[in-house]
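> Take a look at this one; I'll ask things after.
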Amino acid sequence: MTQVILGENEAIDSALRRFKRQVSKAGILADVKYHRHFETPIEKRKRKAVSARRKRNFK
């Protein structure tokens, strides 16, 4: 669950930017898009290649 806590004098715009950044880092939107529609074989290969690259970089 992504959560953003507002500072005392923080603008809504900056909090929204932080929230969007956290959501993109967590991969929430990518997961929603993945489950929303049919994935073509090319898209599936691209997704698997990206995840393999990420796994290789974390080791």
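The values are calculated or read from the model by the stated rules, or taken from the named source; none is laboratory data. In this text the structure is predicted, and so the values were computed from the model without any measurement. Cβ: placed from backbone, ideal geometry, glycine included. Neighbour counts: every protein chain shown. Side chains included, ligands, DNA and RNA excluded: accessible areas come from the protein's heavy atoms. Shrake-Rupley method; radii C 1.70, N 1.55, O 1.52, S 1.80 Å.
> For region 12-46: of the residues being assigned to a helix (DSSP H, G or I) and among the hydroxyl-bearing types (Ser, Thr, Tyr), which is modelled with the lowest pLDDT?
Once the filter is applied, the top-ranked residue is Tyr34.
> Quick check on my filter: what residues within region 45-56 are out of contact with any Asp or Glu (no Cβ under 9 Å at 6 or more places or on another chain) and either closer than 19 Å to Ala26 by Cβ or open to solvent by 90 Å² or more (accessible area, probe 1.4 Å) (or both)?
Scanning region 45-56 gives Arg45, Lys46, Lys48, Val50, Ser51, Arg53, Arg54, Lys55, Arg56.
> Can you name every residue in region 1-30 that is farther than 26 Å from Arg54 by Cα and open to solvent by less than 100 Å² (accessible area, probe 1.4 Å)?
Leu6, Gly7, Glu10, Ala11, Ser14, Ala15, Leu16
> Every residue in region 33-44 that is loosely packed, with under 10 Cβ neighbours inside 10 Å and either under 23 Å from Met1 (Cα atoms) or of a type outside the set (Phe, Trp, Tyr) (or both), please.
His35, Arg36, His37, Thr40, Pro41, Ile42
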